[in-house]
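Data block below; observations after.
Derivation of every value follows stated rules applied to the coordinates shown; laboratory data play no part. The structure presented is a predicted model; accordingly, all values stated were derived computationally and were not measured. Here the Cβ is made from the backbone with ideal geometry for all residues, glycine too, and neighbour counts use every protein chain on show.
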Amino acid sequence: MAKLVPVTNEIVLQTTRLCLRPLRMEDAASLFELDSDPEVMRFISKGLPNPLAKIQNEILPRVLTFYRSAPPQGFWAAHNRPDGEFIGWFHLRPDFLTPDEMELGYRLKRSAWGKGLATEASLAIVQKSFTDWGYNKISARTLTVNLASQRVMQKAGLKFETEFFWSEDVLPGWTQEERRAVKYGLTKS
C-alpha cells in the first residue's frame with residue numbers, strides 16, 4: 001500500500017515522532033487496514049472490521065464534516081516522522097453527549113501500541129486545545145475494560161469524572177456490563 005505522506009501545509013499538529021493531518025477520501029484503504037485488525041477493533045465492535053464500502057460511503061463522508069480550520073477540529077491521520085507511515089488517527093470534535101466539550105479520540109495500529117505514541121499526540125492535542133485553540137474542556141470516553149486507553153487519558157492529564165453505560169443503540173448486541181464505560185475530562189485552568 002502506498003504511503004500518503006503529509007504535505008507540510010496540511011499538518012495540523014506535529015510532535016517529536018508524529019505529524020497529524022486531515023483525513024481524506026484517499027485514506028479509505030489505510031482505514032480499512034486499521035479496522036481489519038480484530039485487536040484494534042476489540043473494544044469498538046468486538047473485533048469485527050468495518051467493510052471498505054462502509055468506510056468509503058458512510059464513515060469518511062461523516063468524518064469529513066467535522067473539519068474546521070480555526071480553531072482546528074476534526075479527524076486527523078497520524079503519520080510517523082520522518083518515514084510517513086500511517087499509524088492511525090486522532091480526533092478532536094464536539095462531544096455528542098456534552099456539546100460544550102471537545103472530545104479526544106484515537107485509534108492506532110497494533111504496531112504502534114506500547115510506544116507512547118497515543119500519549120504523545122494526545123498530550124499535544126490537549127495542550128494546543130487550551131493554549132492556542134481556545135477550547136475550555138476536553139473529554140474522552142472508553143470502556144472500563146480498555147485499561148490501555150484509560151492510561152493514555154490519564155497521561156494526557158485528563159481526570160476520571162464518571163462511570164456510565166453506553167446505550168444499546170451505540171453498542172448494539174452488547175450486554176449492559178459490556179457497555180460499562182468511563183469518562184475522563186480536563187478543564188482549562
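What is the extension gain from SER111 to LYS137, computed as 0.36 nm multiplied by their sequence separation minus the C-alpha to C-alpha distance, in nm to one decimal?
Contour length minus the Cα-Cα distance gives 6.3 nm.
Report, in cubic angstrom per residue, the convex hull volume of the C-alpha atoms of segment 85-177.
119
Return the subset of LYS46/LYS188; LYS54/LYS115; LYS46/LYS128; LYS46/LYS137; LYS109/LYS183; LYS128/LYS155 for which the Cα-Cα distance in this structure is over 25 Å, preserving the input order.
Violating the 25 Å limit, Cα to Cα: LYS46/LYS188; LYS54/LYS115; LYS46/LYS128; LYS46/LYS137.
Using alpha carbon centroids, what distance separates segment 126-189 and segment 43-91, in Å?
18
By how many nm would the segment from ASP100 to THR162 grow when fully extended, if each residue of separation counts as 0.36 nm and the alpha-carbon distance is taken off?
Answer, rounded to one decimal: 20.6 nm.
Just want the answer: with Cβ charges of +1 for Lys and Arg and -1 for Asp and Glu, which residue in ALA53, GLN73, SER129 is farthest toward the dipole's positive end in segment 16-160?
The one lying farthest along the dipole's positive direction is SER129.
Given R₀ = 25 Å, what would the calculated FRET efficiency be for THR15 paired with LEU48, taking r from the Cβ atoms and rounding to 0.05?
On the way: r = 31 Å, r/R0 = 1.25.
Step by step, r from the Cβ atoms, then E = 0.20.
Any chance you could list P(r) for the chain, counting all Cα-Cα pairs in 10 angstrom bins from zero, rounded to whole %?
Percent of pairs per bin, in order: 9, 37, 41, 13, 1.
Can you pull out the GluC sites (Glu not before Pro) in segment 100-189 whose DSSP state is coil and whose Cβ has at most 13 other Cβ atoms within 10 Å?
Working: sites: GLU101, GLU103, GLU120, GLU161, GLU163, GLU168, GLU177, GLU178; in loops: GLU101, GLU168.
Of the GluC sites (Glu not before Pro), the ones in loops of segment 100-189 whose Cβ has at most 13 other Cβ atoms within 10 Å are GLU168.
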